[in-house]
Structures are given as C-alpha cells and as structure tokens.
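Everything on this sheet refers to the single structure shown next.
The values are calculated or read from the model by the stated rules, or taken from the named source; none is laboratory data. Predicted, not measured: the structure shown is a model, and the values here were computed from it. Glycine also receives a Cβ, built like all others from the backbone with ideal geometry; neighbour counts cover every protein chain displayed.
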C-alpha cells in the first residue's frame, strides 16, 4: 500500500497474477480491526442513519533517515499521504460503503529536509454524497496524536481514539439518537442520546487478513481486498497528488 507507484505498474501486477492463475491480495489490514468491523456492522444496520462525514487521522514522527524509501518520492511514490493516507482513505470507504468520487488535497513538506511530503490533508466526496477528511503527518510526535477516527450520521456518531494504526486496541464510543426529533434552538447536547462503549475482543489484524487471504486460496474465491481494489486506491491517491499540484478539486476516474 499503496499497491504500486503508477497505474501502469498496478495493472501489470494484476495481469501477471491472472496469467499465472494466482491470487492477488492487498494489505489494508485496518479493515480487519475488531473495532472497525463492529462499527461497519452498526453503519450497515442503519444505527447511525445516513452517513454524512468520515474523518481519519494517522501520523507519526518520522525524521530524516538515510536510505528511507518512504522519504524519497521516486522510491515510495510519495510521503505521508501515500504511506498512511492510502490506509485512511480505504478505511472510510470500507465503513461508509462507498467509493471516493472527488478529491481536494494539500500536500506539503513543512518540517523535515526530505523531498516527500510530511503533511497531507485531503477533503473528498464519496459517490453516496458523504464527505470525508483524511490528514496524515510525518511531523507530529507520536504521543501528541491519538489517530482519530470519526464517523457522523443523521442518527448518531462513532468517535474513536487509537484504532487507526497497527495496534489491535483503542477506544470507541457511539452516540446514538433514541428517536428522530425536531430542531433544538438551544442545542444543549444533553443526555438524550444513547452512549455505547464499543469494546469487541481485539484481534491481530495482520493475522486476520492473512487468514482471509488463505481462505480465498483454499476456496478458490476472490480475496477480500484484491488487485482491482488496490488499483482503485492508488488512483485515488494519485488524484490527491494531482489536486495538490493543480490547486483544485479532481474527479477520480475509474
């Protein structure tokens, strides 16, 4: 992740695997996080109503390191956006059940001396109309960022801390409306909503994704996250960089 640096490379990978009659899977392990699975089930069941906004943040402190490929665009395809933003974009698509349609992006190198961006912010619109925000940084201290995930709908929200990343745990709380109501001019935000702590049994995301891929091999089925999906995610990321260069919104083409 991203699957490759160019669309051409990604298509070559897909074609090579088809020719060799082997499975191709892409490692977006955060789809297998127990909290994210539970949140996706809640959204699919309509508990949050219509999804209107998703936000995902993933950052770390990543100072210059000699030979680090993530810091050289010609080796990694980009910086914080390509490395971490690809995960965040995929996660929001997974939770919302819709693909990105249009992106607007800022990508900058604000802190470090390498050429890859250390700061990236993406605003996008999904095909279902919902909006999304992704921000990724190589220049925020690890302890200073809680890698926030927020999903908002017309009937409630889910707010998470520490679920976006490589660890299996974190914190997640759902705020759900008991029933539809009219306009509240005072907007007091009292305890009229149901507060639910989301605490599923943590799982090893990497093991779960390998098991899912292995199951696809054994059953001769399509992997849960296949090559075509990886190609799509790459197209979204490249559209983000295109937007940053052109300083305008860009439509993501299939």
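Miscellaneous remarks
- Failed condition for residue 195, given (1) modelled with pLDDT under 95; (2) closer than 23 Å to residue 58 by Cα: (2)
- Of the strands (runs of 3 or more DSSP E) lying entirely inside the range 86-157, the ones with 2 or more residues being within 11 Å of the chain's Cα centre (by Cα) are found at 131-137.
- Exactly one residue among 162, 132, 85 is crowded, with 22+ Cβ neighbours inside 10 Å, touching a residue at least 12 places away in the same chain (Cβ under 8 Å) and farther than 23 Å from residue 45 by Cβ, and that residue is 85.
- Candidate set from the range 30-50 (those that are part of a loop (DSSP other than H, G, I, E, B) and farther than 11 Å from residue 158 by Cα); member that is nearest to the chain's Cα centre (by Cα): 33
- Boolean, residue 9 is out of contact with any helix residue (DSSP H, G or I) (no Cβ under 9 Å at 6 or more places or on another chain) and either farther than 18 Å from residue 134 by Cβ or part of a loop (DSSP other than H, G, I, E, B) (or both): no
- Here is the figure for the range 200-241: residues that are touching a residue at least 60 places away in the same chain (Cβ under 8 Å) and either closer than 16 Å to residue 93 by Cα or part of a helix (DSSP H, G or I) (or both) total 26.
Table: residues versus (1) in contact with a helix residue (DSSP H, G or I) (Cβ under 8 Å, 6 or more places away or on another chain); (2) without any contact (Cβ under 8 Å) to a residue 60 or more places away in the chain; (3) surrounded by fewer than 22 Cβ atoms within 10 Å (Cβ to Cβ).
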site: 27; (1), (2), (3): yes, no, yes
site: 39; (1), (2), (3): yes, no, no
site: 42; (1), (2), (3): no, no, yes
site: 48; (1), (2), (3): yes, no, no
site: 54; (1), (2), (3): yes, no, no
site: 80; (1), (2), (3): no, yes, no
site: 98; (1), (2), (3): no, yes, yes
site: 102; (1), (2), (3): no, no, yes
site: 106; (1), (2), (3): yes, no, yes
